[in-house]
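Student: Quick one: structure below, then a few questions.
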Amino acid sequence: MVIGLIAGYVTITGVDLFTNAVLNGQPIAPLQRLVLLLDPSYVDATALTADQRTTILVRLILYAVAFTLLIRMLADSLGVVYWETWIAQAINQHLRVKMIENAEHLSLRYQSHARTGDAIYRVFQDSRMISNIIATIILDPLEQGAGMLGAFVIIWFFSPVLGTIFTLAFIPIFLAVMWWTPRIQRLSWLSRQSNSDVTSRIQEVAASIRVLKANQAEDLAVARFDRDSRAALDYAYYLRLEIMLLLITMSTIAGATLIGADYLMANWTVLEDPTFLGGVFAFILTFTIWNFGAFQAARENNGELIGKYGFMFTTWVRAIDMAMGLNRAYYLLDLKPDVVEAEGAVPMPTPVAEVRYEGVSFAYDAGVPVLADVNLTARAGRTTAIVGATGAGKSTLMSLLLRLYDPDAGSIRVNGVPLDRFTIDSIRTNIAIALQQNVLFAATVADNIGYAATGVTREQVQHAAEVVCADGFIAEMANGYDTELGERGGKLSTGQRQRLSIARAVVRDTPILILDEPTASLDAETEQQVLANLADWGRERVLFVITHRLSTIRNADQIAFLNDGRITEVGTHDELMARANGDYRRFVAQETQGTAV
Amino acid sequence: MSDAALDTPSESRSRERFDDRVDINPKITNREAFRIVGRSLGYLARVKGLFAAKVAFSLIALIPGLIAPWTGKILIDQVILKKPFNDAEVPFPPYFQPVVDFLRGMAPMEIMLYLTALFAGLLVVYGRGGLGISLEPGRDSATISEGKISAGGSGMSGLLGAIELLVDIRLNQRLANGFRTLLFRRLSRLPMKTIDDHRIGDSVYRVMYDAPDLPSVCFSFTLAPLFTVIGTLIALYQMGATYSTVAPELIWVSLAMFPIALLVTIPLSAFVRRIQQASRAAGTATTNAIEESMSNLHAVQSLGGMDREAQRVESRSRESFRRFRHVVLTGIGVGFIGGALGGALSIFVMVTVATSVIGGIMTPGDYYALIGLAGTIGGAGVGLGMVWIGVQSEVAAVRRVFFFLDMEVETPATAHERLAVREGVSFENVGLTYPNGHRALANVNLSLNLGELVAFVGPTGAGKTSLAYLIPGFYRPTEGRVRLDGRDIAEIDLDSLRSQVSYVFQEHLLLNESIRGNLKLANPAATEADIRRACDAASATEFIERLPDGLDTRLGQSGDTLSVGQKQRLCIARGLVRDTRILILDEPTAALDPQTENALVNALRQAAEGQLVIVIAHRLSTIRQADRIVFLEEGAIREVGTHDGMMAIPDSAYRRFVELQGGDVGTV
């Protein structure tokens, strides 16, 4: 407020001196004379001489240059803009990291339903939004508000009539904004939503371009993209149309107010009417009556004030748009992970001697049980094969061990201690898993193998590659272990990717190792070798293998047969084969004979 | 266009530090930039009408510039200072003289009344100032791109501004979306070999976000400079017509701002460009890091990589912000120089005019007329220099799009032929060598007939998939011929060829659609009965029925709501629903349990009665059901025969393979 007034006074004095004194040759006010270091004749004369006017001009320019350089350039640009950016970024950075952490720790239950494109969209768009909102809604209006108050005071200084007019102009502008707010809100939401759809569409095509080709669906994909894209563009168009209508309404009201004010002021100037408080401030400004300088100064001040109105309301419109974005951001921030760490959780103990499932039940969606009353014990140095039909719950059983989900009933115990007593990080640090989906990251072969381990040496990476029989093909690649791989593993065959996935689990050197369909894409010879190596490597470890392949199953120390979420049989291959009507025996018969029973 | 557009590793330092997969090649020579701009302008032909409208509006927008300086002058001199019009003073431009004659002799407030009416008219038609709609863009390429595509603005407001803004938005949208769709169409026609190159495959879709830069490349080099120059000429004309005798130096100094501004901004542009590019590279790297960790979320969680991923994103994000602040600092520097130049010009005008006013040569009103005119001319110089800075990043983006547009694509059908396979596929001395020299297949001779269930068997890397890829033309043989009913498939157009072949991939790729949508993708004409039959055959009916919305259940990203086995069965059903003469399944049973597998293989056997079914498999239970087994090793066919036939040969490669599998020879 005070700053606004001072800045306003400095500007007005400049206008006063330049118009009334320099251009029109009128004497100056006493305070102006002191500041410009001039003799009293400048105040007392009825008209200034040409030399006197030139002197004022030169001093005025010197002051103006100094003032601009010092205040405007230094404070405004260099300092403020840079630090404002920095502050906004710091907030943004914090939020962005927070959001991605939250997203990554969220239960997969949420993730499996959300479209990735949408999630990415949210993290980016909206984290920026929050920092911007702080600048837009709080910092800028504060700054502008101070200027607005200053401009208002100055208007009243000139004329209460003008003050009233500008106060009243506020009302129709305000009403227009209120009328358009809900319309803009709705379109902003739709526009964001449809943009997110286009983003997803683009990513999806990149991911599944092979399928599109194989099915000759290229044209279909183009058509769908076109449809989504047009919808998004239309929403964007109508959103902007509404905003435009509001802006034009506002600027027309503002323009009409200014033109009306100009007419009134011109009239007062022609009639040489006194200004409202000009006489009181005669010692600092020569605006006792409406003259050239007063007209020009008041005119600039009116423009300034209307500009601030416009800024305030435009900010409001942008804030509406941002608030729509924020809604979406908070949605992600507010989701609570399903799996929470218990208070006073301790690290999982090593070595692990035993993993025990006790009456474990679990359902992703209430009413559709995936696991029911599962009991199973796995010991170090032994391989447990988990066998069963597709959808029997094999992968879920392992996800529970990793605490990706928590069981609905029963518990899983490691060395006799329930899993939820341990910190989540320590659990996942001590369990390595080779997944069914062979995800490779955009990094080198060595980095992919060492992805989940910390501080592994090249020797350890190589050793892991040897265990999974990947050393051979890696050596043949262009840059060996330093060959770059893409998001989805580019040129490697499925079998090769699978082996890298296993190597990634092996290199972590954890007491528990889970292999989820590890060898599905390996040929028999490679598979035998990998399994033999793994058995050898895993002497001290608890090893779980989820598999359909008989050759893998037979070598396991114990086989758990999972049928419809229940473990129906546990034993070695020979034991289970000895059961005349056993599930496992029937499974093996189907596998080997390849005929339906 | 050279390969330089797709990164060469040694190119830049930012490239080594960030694995941004999209080309951010900093080197664009001026010549290349002009060539790219020239090519971009060709796309304007698609939006002729809107473009013409935009040109017309830009011309109309110049009119207030012809009036404003002189009404301003009259307001000060004749109204506020109550001076009569005096012909001995500085003249008005000839076109404005009629107005002066009209107002001559009127009382100040009478003049003011007319001026007010004129201002009010201008307010309705032209409004006050310009119109621009700035909504907050996101930081990621996708949202920025969506913002750009709907960008629009107008130098006017009021009625004309409103119309121009809408025209401008539509023009940008049409132009950019047309370009983007064209690109999309080309990308979907990239050959499989190109897609398999992951450096390209991964970055393909990001290029889509570069397309909206086209309008800006088109206009920054055409309309913007053109109208800057026209505006300058008009200002010069007005100055020349009025002040050339009293203050000719004003015209020369204003004109001198032109080369001075160019001299300052052009060398600076190289510097600004480098900074901006580094910042954009860092931004892209952040996007990549986030996208990668989001799309591999399951793996990241299972492997305990959450903190690592969060750190990765954090460090990249931090770096990109740091660089962005450099851009801000540079912007402040550039703004400072521009401001200093503008300030110097206005001080000069101020001193010159004020001196003239004091000397009685000019009136105070002349000051307001002149300061505006000089500003227009000086600003134009700075603006033209800045065009070059601003347009650089957009040229780089458009270049990436052109790179993909120029890539060799599969030729879409010019004339579809109705093809119906009657006999089968044959391979004649077929060989396949990858561009990197790897020899995937050599000397393959094989004949496959309708009615057969054939299994391609062999160790990992034997060339099974490569061989199968030759049939729908995903790969082209580098030696020999592949024939369909005796015709070389190289002579058959791709669409006709692929309409005869269904291919089910190893990866289970499903789209974000309903299950029905995914199946219909393969055959839009499929009836409900066709879909049910395919689901039955693939043993998918049971689990689909258990889903809450059945066939209408919408799948998440890559079908994440389903288990791997379920996805596999849906992919098989999708292959079956196409009902083509040739069906190829790559590892269809890997994730299936024996029961499901048996049901599937039986269904395939039935299908094979009128079709050629090719199965690439490792599982013995699948293989042994085949009519013929093609055993491959190291890119060559070793043996062809039936399971029993080849098992009977004591030292056959196939037999050794089966024995290693360990499931055979009566373990039961």
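The values are calculated or read from the model by the stated rules, or taken from the named source; none is laboratory data. Remember, predicted model here, so these are calculated numbers, not experimental data. Here the Cβ positions follow ideal geometry from the backbone for every residue, glycine too, while neighbour counts run over all protein chains shown. The protein model used for the area step is the full one, side chains on, heavy atoms only, and it has no ligands, DNA or RNA in it. Shrake-Rupley method; radii C 1.70, N 1.55, O 1.52, S 1.80 Å.
Student: Between A:D51 and B:Y114, what FRET efficiency follows from the Cβ-Cβ distance if R0 is 51 Å, with the result rounded to 0.05?
Tutor: Numbers: r = 39 Å, r/R0 = 0.76.
In this case the efficiency is close to 0.85.
Student: Also, I was wondering about something else. Need one number: buried accessible surface between chains A and B, 1.4 Å probe, both sides summed, DNA, RNA and ligands left out, in Å² to 100. Mind dumping the intermediate values first?
Tutor: Numbers: alone 31130 and 32660 Å², together 48480 Å².
Chain pair A/B: roughly 15300 Å² of buried accessible area.
Student: Which of the pairs A:K213/B:K48; A:K308/B:K54; A:K213/B:K520; A:K213/B:K464 have their Cα atoms more than 26 Å apart in this structure? Before the final figure, lay out each step's value.
Tutor: Numbers: A:K213/B:K48 34 Å; A:K308/B:K54 30 Å; A:K213/B:K520 14 Å; A:K213/B:K464 19 Å.
Checking Cα-Cα distances, A:K213/B:K48; A:K308/B:K54 exceed 26 Å.
Student: Report, as a whole number in µm² per second, the diffusion coefficient that Stokes-Einstein gives for segment A:134-199 at 20 °C and 1.002 mPa s using the Kirkwood radius over alpha carbon pairs.
Tutor: Numbers: Rh = 15.0 Å.
Translational diffusion coefficient: 143 µm²/s.
Student: Continuing with this model, one more query. Give me the orientation-averaged projected area of the Cα convex hull of segment A:17-71, in nm², one decimal. Walk me through the numbers on the way to the answer.
Tutor: Numbers: hull surface 14.2 nm².
Its Cα hull, projected and averaged over all orientations, spans 3.5 nm².
Student: Could I have the simple spin-label model distance between A:R379 and B:V125, label points 7 Å from Cα toward Cβ, reported in nm to one decimal?
Tutor: 9.8
Student: Once you list every other residue whose beta carbon is under 13 Å from the beta carbon of B:Q611, what net charge do they have if Lys and Arg are +1 and Asp and Glu are -1?
Tutor: Values: positive: B:R422, B:R578, B:R581, B:R605; negative: B:E423, B:E452, B:D579, B:E609, B:D627.
Neighbour charge sum, excluding B:Q611 itself: -1.
Student: Short version: what are the Cα gyration tensor semi-axes of segment B:50-129, square root of 5 times each eigenvalue, largest first, in whole Å? Before the final figure, lay out each step's value.
Tutor: Details: eigenvalues 159, 43, 17 Å².
They are 28, 15, 9 Å, listed from largest to smallest.
Student: What's the average, rounded to a whole number, of partner chain beta-carbon atoms within 10 Å of each residue's beta-carbon in B:77-88?
Tutor: On the way: counts 1, 0, 7, 14, 8, 3, 0, 0, 0, 0, 0, 0.
Shielding by partners across B:77-88 averages 3.
Student: What is the average number of partner chain Cβ atoms found within 10 Å of a Cβ in B:522-531?
Tutor: Details: counts 6, 3, 4, 0, 0, 0, 0, 0, 0, 0.
Mean partner shielding for this stretch: 1.
Student: Next up: Using r as the Cβ-Cβ distance of B:D101 and B:L66, and R0 as 22 Å, what FRET efficiency do you calculate, to the nearest 0.05? Provide the component values of the computation, followed by the final result.
Tutor: On the way: r = 17 Å, r/R0 = 0.78.
E between B:D101 and B:L66, to the nearest 0.05, is 0.80.
Student: Right, here's the next one. What is the spin-label model distance, in nm, from A:I171 to A:I61 if the labels are put 7 Å beyond Cα along the C-beta direction?
Tutor: So the two model labels end up 4.9 nm from each other.
Student: Mind jotting down a quarter of the surface of the convex hull over the alpha carbons of segment A:170-295, in square nanometres, one decimal? Can you show the working numbers first?
Tutor: Numbers: hull surface 51.0 nm².
For segment A:170-295, averaging the hull's shadow over all directions gives 12.8 nm².
Student: List the residues of segment B:576-597 for which accessible area in the full set of protein chains is at least 40 Å² lower than for the chain on its own; 1.4 Å probe, protein heavy atoms only.
Tutor: Residues losing area: B:R578, B:A590, B:D593, B:P594.
Student: Sticking with this structure for a sec: Return the FRET efficiency for the residue pair A:E459, B:A648: r is the Cβ-Cβ distance, R0 is 45 Å, and the value is rounded to the nearest 0.05.
Tutor: After rounding, the FRET efficiency stands at 0.40.
Student: If you don't mind, another one. Can I get the semi-axes of segment A:487-579's equivalent ellipsoid? Compute them from the C-alpha gyration tensor as square roots of 5 times the eigenvalues, in angstrom, largest first. Mind showing how you got there, number by number?
Tutor: Values: eigenvalues 125, 47, 35 Å².
After scaling each eigenvalue by five and taking roots: 25, 15, 13 Å.
Student: In nm, to one decimal, how far is the modelled label at B:R418 from the one at B:Y434, with both set 7 Å along Cα→Cβ?
Tutor: Placing both labels 7 Å along Cα→Cβ, they lie 4.2 nm apart.
Student: Grab the alpha carbons of segment B:451-608, take their convex hull, and tell me the volume per residue in Å³. Let's see the in-between values first.
Tutor: Values: hull volume 20.0 nm³, N = 158.
Spelled out: Cα convex hull of segment B:451-608, divided by residues, is 126 Å³.
Student: When every alpha-carbon pair in segment B:489-579 is counted, what percent end up more than 23 Å apart?
Tutor: On the way: 856 of 4095 pairs.
Distances greater than 23 Å cover 21 percent of the Cα pairs.
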